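Trainee: Would you mind keeping the following structure in view while I ask a few things?
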Amino acid sequence: MSLSDKTIQELVADNHYLAEALHFLGIHFYDYSEQTLEDICQEKGLNLDFVLKYISDSLENRSISAISFEALPLELLVEYLKHNHYIFIKKRLPYIYELVKKLPEDNEELKEELKFVLPLFVEDFIHHVYEEEDTLFSYILLMLKALKDQAALNKVQARMMENSIKQYQTEHEVHEDQLKGLRRMTNNFEIMPHYDLNTKVVISGLKKLDEELRYHAKVENNILFPRALELERKVLAMLRSRIALN
């Protein structure tokens, strides 16, 4: 049986990650049961071939691509991480949040916990992300500018009186395991056979987010911070040299 002949529920039951691809096409699996993908495309005026290709591409690209971050200029690395923040806040979290709100009302403990905990996690995560961009990322970009701009060098000197990469690194380690509570609650995102399809899709979505956040943190810890420390040493050397000349 082809993808277009299966019902939406059957497609998502076969592959929980397909729910996200459908979601961004405006097809929410929990709103359909017996309708096939072809039926939905006709109803919504979508081109079936386009939808099938979009689904295929989404599933093929689900794994995190191996980018040579070491070769990226530091400024582009920061932009890559900021883009990841955008994806997390504008796509991943709203998608999962919507799924959790649609969980059936059957008083199952896990569902009640998810409905209570997820909004708190989202609020804390968004606060952390914007704080990181306003502090660490802005500090790195200012230091990069200071290598070429005397005015920026004066500004970064003032920032260095209050901040350092080591300080940001310590704060980052405190926030690093952001999904720890949800991981514990779901027994490391284990999908139990008795879960309904909605719950299985939620757990799969959280597991994917966890994988992406771990990778994101790895890039920051192993590449961003070491290179930022090296940059900070260069800027400090420039400041000391200027002081010595005066």
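Trainee: In a Gaussian network model over the chain where Cα atoms closer than 10 Å are linked, find which of 94, 193, 119 has the largest mean-square fluctuation.
Mentor: It is 193.
Trainee: While we're looking at this one, here's another question. Between residue 128 and residue 38, how many nm apart are label points set 7 Å from Cα along the C-beta direction?
Mentor: With each label point 7 Å from Cα toward Cβ, the separation is 4.7 nm.
Trainee: Set the Förster radius R0 to 35 Å, insert the Cβ-Cβ distance between residue 2 and residue 112 as r into 1/(1 + (r/R0)^6), and round the FRET efficiency to 0.05. Intermediate results must be reported in sequence, preceding the final value.
Mentor: Numbers: r = 39 Å, r/R0 = 1.10.
So, using R0 = 35 Å, E works out to roughly 0.35.
Trainee: Going through the cross-link list 53/101; 180/218; 111/207; 44/200, which pairs have a Cα-Cα distance over 18 Å in this structure? Show your work: numbers first, answer last.
Mentor: Numbers: 53/101 29 Å; 180/218 16 Å; 111/207 16 Å; 44/200 26 Å.
From the list (53/101; 180/218; 111/207; 44/200), the Cα-Cα distance tops 18 Å for 53/101; 44/200.
Trainee: Okay, moving on. Please list the equivalent ellipsoid semi-axes of the stretch 86-161, computed as the square roots of five times the alpha-carbon gyration tensor eigenvalues, in descending order and whole angstrom.
Mentor: Details: eigenvalues 366, 27, 6 Å².
Over the Cα atoms of the stretch 86-161, the ellipsoid semi-axes are 43, 12, 5 Å.
Trainee: Under a plain spin-label model, where a point goes 7 Å from the Cα along Cα-to-Cβ, how far apart in nm are residue 141 and residue 56?
Mentor: According to this spin-label approximation, the distance is 3.9 nm.
Trainee: Could you compute how fast the stretch 140-189 diffuses translationally, taking Rh as the Kirkwood radius over C-alpha pairs and applying Stokes-Einstein at 37 °C with viscosity 0.692 mPa s? Give it in µm² per second. Don't skip to the answer; put the middle values down first.
Mentor: Numbers: Rh = 13.4 Å.
Once the numbers are plugged in, D ends up at 246 µm²/s.
Trainee: Please state, as a whole number in µm²/s, the translational diffusion coefficient that the Stokes-Einstein equation yields for the stretch 52-189 at 10 °C and 1.306 mPa s, with Rh defined as the Kirkwood radius across alpha carbon pairs.
Mentor: 87
Trainee: With unit charges on the beta carbon (Lys/Arg positive, Asp/Glu negative), name the residue among 55, 89, 203 whose Cα is farthest towards the positive pole of the charge dipole of the chain.
Mentor: With unit charges placed on the Cβ atoms, the residue in question is 89.
Trainee: Going toward the positive end of the dipole of the chain, with +1 on Lys and Arg Cβ and -1 on Asp and Glu Cβ, which of 179, 99, 32 do you reach last?
Mentor: Of the candidates, 179 comes out farthest on the positive side.
Trainee: Got a number for carbon plus sulfur as a percent of the chain's accessible area, 1.4 Å probe? Before the final figure, lay out each step's value.
Mentor: Working: 6900 of 13540 Å².
Roughly 51 percent of what the probe reaches on the chain is carbon or sulfur.
Trainee: What GluC sites (Glu not before Pro) in the stretch 98-151 are in a loop by DSSP, with at most 11 other Cβ atoms within 10 Å of the Cβ? The partial results should precede the final answer.
Mentor: Details: sites: 98, 105, 108, 109, 112, 113, 123, 131, 132, 133; in loops: 105, 108.
Of the GluC sites (Glu not before Pro), the ones in loops of the stretch 98-151 whose Cβ has at most 11 other Cβ atoms within 10 Å are 105.
Trainee: OK, next. With every protein chain left in place, what is the accessible area per residue of the chain in square angstrom, probe 1.4 Å?
Mentor: Working: 13540 Å² over 246 residues.
Per residue, the chain has 55 Å² of solvent-accessible surface.
Trainee: Among 194, 128, 23, which one shows the highest mean-square fluctuation when the chain is modelled as a Gaussian network with alpha-carbon springs under 10 Å?
Mentor: 194
Trainee: What's the ranking of 159-169, 68-78 by average number of surrounding C-beta atoms within 10 Å, highest first? Could the numbers behind the result be given before it?
Mentor: On the way: 159-169: 15.1, 68-78: 13.3.
Ranking the peptides 159-169, 68-78 by packing returns 159-169, 68-78.
The values are calculated or read from the model by the stated rules, or taken from the named source; none is laboratory data. This structure is a prediction, so every number in the text was calculated from the model and none was measured. Please note: Cβ atoms are built from the backbone with ideal geometry, for glycine as well, and neighbour counts cover all protein chains shown. The area values use the complete protein model at the heavy-atom level, side chains included, leaving out ligands, DNA and RNA. Shrake-Rupley method; radii C 1.70, N 1.55, O 1.52, S 1.80 Å.
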